[in-house]
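Report on the following structure.
No value in this document is a laboratory result; all are computed from the given coordinates. Predicted model only: the values in this text are computed from it and were never measured. No Cβ is skipped: glycine too gets one built from the backbone with ideal geometry, and neighbour counts run over all protein chains shown.
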Amino acid sequence: MRELVGIGASPGYALGPVHTIRLATIVPRRRAVAVKDVPVEIERFRVAVERAREQIRELSDRLSSELGADEGAILASQLLILEDEMVWDATLAVIRLERINAEAAFARTVGDLAARFLEIEDATFRERVNDLRDVEQRVLRGFADGAVAGPVPPPVPSVICSRNLTPSDTAALGRHNVLGFVMDEGGNTSHVAILARSLGVPAVVGLRGGAAALAPGQVVAVDGTEGRVLVDPDEETRLRVGVLTRQQVVVNEKLAYLRDLPAVSPDGRRVHMMANIELPVEVEEALARGAEGIGLLRTEYLFFQHGTIPTEDEQTLVYTEIVRRMAGRPVIFRTLDVGGDKVSDYLGAKREYNPFLGWRGIRFSLANRVLFKTQIKAIYRAATAGSAKLMFPMITGLEELRQAREVCAEAMVELAREGRPHAPDLPVGIMIETPSAVLAADLLARECDFFSIGTNDLIQYTLAMDRGNSRVSYLYRPLHPAVLRALKRTIDAAHEAGIWAGLCGEMSAETRLAEVLFGLGLDEISTHGAALPKIKQVIRWTPWDEARSVVTHLMTMRTADEADAWLADYIATRKRERVTEGETA
């Protein structure tokens with residue numbers, strides 16, 4: 001028995017034989033075409049795109065019938081790519097100007113767009129390249145009238161293993177006989193991960209060659225919670241995974257009823273449960289998990305999707321659709337958070353030696369006032385379609401907040417002068433991500449409407465560690481005394497000023513920390529959809545006084561190790577007590 005370690009992208013356990021997916025990639029040959037044949041190539045491109053569009057629609061319908069409309073919408077982003085004017089115009093321009101065949105022209109266009117995404121040092125945007133490549137291969141198959149075969153579903157219950165799977169290939173496999181996914185590439189926001197969570201099966205990604213080395217039929221045990229794959233497990237391991245699998249089924253069935261219930265403790269304390277969103281297509285998944293709104297909508301994708309800065313009208317169209325789809329539930333728009341770590345040359349951001357301490361977040365926006373104001377105007381206009389809020393990233397002090405609010409005031413004056421409908425009373429909040437914002441929280445709270453704590457950056461700045469550096473990743477400790485004190489100081493300052501405080505960092509997804517976040521007094525917790533039901537369940541069975549007592553105990557701990565150990569003992573004790581209470585009942 002040997003172990004492969006990757007990223008746990010979908011929780012749960014599975015045991016079964018490997019079903020390997022290896023698909024041939026179409027690489028079109030470039031050939032010259034005569035001037036008189038250019039219209040023929042353009043027509044060939046149009047026909048191929050239409051064939052691809054029909055195939056994607058069929059797959060989307062199939063996914064909707066098997067998993068529901070929410071999951072079928074996952075493929076909608078691919079239809080948007082096919083309808084993107086930039087993709088069309090760039091491909092036609094290459095055909096006309098370079099006089100080459102349509103297949104090569106389209107592949108060149110997709111390659112250029114993918115290269116822009118790969119420049120961005122953010123896993124979510126890099127994973128969107130998978131969408132582009134998926135569309136590319138489907139259109140290239142369209143030139144061959146679909147002659148290239150897709151993936152073959154497993155004939156028996158199996159674990160799907162591959163270097164990577166495109167969204168449409170994942171959909172084509174369906175749910176029949178799929179026990180789980182094991183991938184060499186991808187992250188926990190990839191479409192494979194999203195679909196795995198929708199299917200309720202485990203997924204381990206990022207195995208870096210480990211999945212490709214597995215042989216068809218070889219038995220593996222998948223632990224999607226810890227991100228581990230055991231190859232050729234012994235009998236003891238097989239029995240243990242079988243027990244864990246059955247337990248997971250029971251847990252999921254019990255949690256399903258929570259979708260439409262609020263996160264209210266036994267003694268009446270309520271926390272609003274929201275979803276973090278990267279892409280518009282994720283809205284449906286968030287609603288399916290019972291999200292009461294969007295607590296963090298990252299707007300960067302819209303800017304990096306195209307080779308030019310989106311106009312006010314283009315942004316308004318996208319933002320309005322998201323607000324409309326949330327049907328009255330609040331949507332918090334975080335303004336553009338771009339800088340040296342998320343580079344796109346046309347935005348004017350250059351690579352920096354230390355991007356996390358450089359020109360990013362609100363600093364970048366205030367230095368690009370026209371771009372900033374355009375986005376703010378689009379958000380104010382979109383807010384007329386429902387409930388929305390505006391949030392600024394990386395605020396370090398009052399100067400930045402006041403300057404940002406000045407831009408908001410200018411934006412509203414211009415919208416009124418132009419006669420454009422907008423929501424002038426839009427609540428304005430800030431991300432608390434820096435130690436300076438924590439220390440000045442009482443001052444900041446007097447001049448904004450809410451706080452949202454971004455724990456990913458707050459922890460790394462507080463503990464002076466780069467969370468992307470494997471050498472110091474061990475220092476990332478959410479229960480470090482400094483982190484706990486920063487969280488409490490921020491939340492207390494918000495409440496003393498009469499505003500609410502939320503949290504949208506990765507701490508929100510850790511079930512073991514749910515009582516802690518609740519006890520700190522958060523009014524809102526925003527997390528990814530898969531974690532939402534579990535966090536909600538913890539809040540619903542934990543009295544408010546007990547949660548506050550947990551925080552009080554943790555605040556006396558002198559080290560993160562002490563805090564982790566105490567919390568682990570507390571959770572184990574409470575689990576035993578709940579089992580006993582259940583048996584007594």
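Evaluating 6.51 cos²θ - 1.76 cosθ + 1.60 at θ = phi - 60° for every residue in the stretch 556-562, the Karplus couplings come out as 8, 6, 8, 9, 5, 4, 4 Hz, glycine and proline recorded as x. The string of couplings for the stretch 508-514 from the Karplus curve (6.51, -1.76, 1.60, θ = phi - 60°) is 5, 8, 8, 4, 5, 9, 4 Hz, one whole number per residue in order, with x for Gly and Pro. Would you list which aspartates and glutamates come within 14 Å of residue 377, measuring only between C-alpha atoms, while excluding same-chain residues fewer than 8 positions from it? The qualifying aspartates and glutamates are 312, 313, 314, 406, 410, 414, 418, 425.
With the biggest extent put first, the Cα atoms of the stretch 421-469 measure 46, 25, 10 Å across the principal axes. For the stretch 265-271, backbone phi angles converted through the Karplus equation (6.51, -1.76, 1.60; θ = phi - 60°) give residue-by-residue couplings of 6, x, 9, x, 7, 10, 10 Hz, Gly and Pro being listed as x. All C-alpha to C-alpha distances of the stretch 489-585, sorted into 5 Å bins beginning at zero, yield P(r) values of 2, 12, 21, 23, 21, 13, 5, 2, 1, 0 percent in whole numbers.
Suppose the chain between residue 552 and residue 208 were pulled fully straight at 0.36 nm per residue; how much longer would it get relative to their current alpha carbon spacing? Display every interim value, and only then the final one.
Working: separation 344, 0.36 × 344 = 123.84 nm, distance 4.26 nm.
Length difference between fully extended and current span is 119.6 nm.
Grab the Cα-Cα distance for residue 3 and residue 219, subtract it from 0.36 nm times how many residues apart they are, and report the gain in nm with one decimal. Let's see the in-between values first.
Details: separation 216, 0.36 × 216 = 77.76 nm, distance 1.24 nm.
Between residue 3 and residue 219, full extension yields 76.5 nm more.
Residues whose amide H lies under 5 Å from that of residue 20, counting only those 5 or more places away or on a different chain, are 161, 217; hydrogens are built 1.01 Å from N in the peptide plane. The label-point distance for residue 86 and residue 257, in a model that sets each label 7 Å from Cα toward Cβ, rounds to 4.8 nm. Along its first, second and third principal axes, ordered by size, the stretch 404-535 spans 54, 32, 31 Å in Cα coordinates.
Counting Cα-Cα pairs of the stretch 355-479 in 5 Å increments starting at 0 gives whole-percent bin shares of 2, 10, 19, 19, 18, 13, 9, 6, 3, 1, 0.
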